[in-house]
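See below for the structure under consideration.
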Amino acid sequence: MADDAQATADAVRAACARRVRDLLQKRVGAGREDPRRALSDEASIANDWKADSFDRLQLVLDIEETFDIGVSDEEAETIDTIDAAVTRIMSGAWT
């Protein structure tokens with residue numbers, strides 16, 4: 001039973017990461033052949049994905065709308081990877 005719960009949690013986390021990745025790819029214009037599409041979820045949104053401060057702000061707004069959550073300015077500043085965004089979304093740590 002615990003294995004089923006963990007498998008479900010892992011599947012939800014993976015789906016959430018895919019959605020955040022899709023939002024980020026759209027925001028930074030990572031087209032089909034863009035090598036950034038192969039970056040890990042731990043890659044830096046600013047450095048590896050080459051998202052400027054406006055792109056990062058827009059990504060936070062996209063996340064708020066997509067996941068129906070609110071994000072404080074302080075929390076927005078901590079969103080530096082896809083993995084960090086997913087962890088906060090799943091933990092309910094958003095304010």
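Taking every protein chain into account, the accessible area of the chain amounts to 62 square angstrom per residue (probe 1.4 Å). For labels at Ser91 and Glu74 in the simple 7 Å Cα→Cβ model, what's the distance in nm? The modelled label-to-label distance comes out at 1.4 nm. For the range 1-68, which whole percent of the accessible surface, found with a 1.4 angstrom probe, sits on carbon and sulfur atoms? Here it works out to 50 percent.
Per-residue surface analysis assigns Arg27 an accessible area of about 80 Å², computed on protein heavy atoms at 1.4 Å probe radius. Extending each Cα 7 Å along its Cβ direction at Glu64 and Ala14, get the distance between those two points in nm, one decimal. In this crude spin-label approximation the distance works out to 3.2 nm.
Shape descriptor for the chain: Rg over Rh equals 0.99 (Cα atoms; Rh from the Kirkwood inverse mean 1/r).
The values are calculated or read from the model by the stated rules, or taken from the named source; none is laboratory data. In this text, all values refer to a predicted model and were calculated from it rather than measured experimentally. Using ideal geometry, Cβ is built from the backbone for each residue, glycine included, and neighbour counts are taken over all protein chains shown. Areas reflect the complete protein model, heavy atoms only, side chains present, ligands, DNA and RNA absent. Shrake-Rupley method; radii C 1.70, N 1.55, O 1.52, S 1.80 Å.
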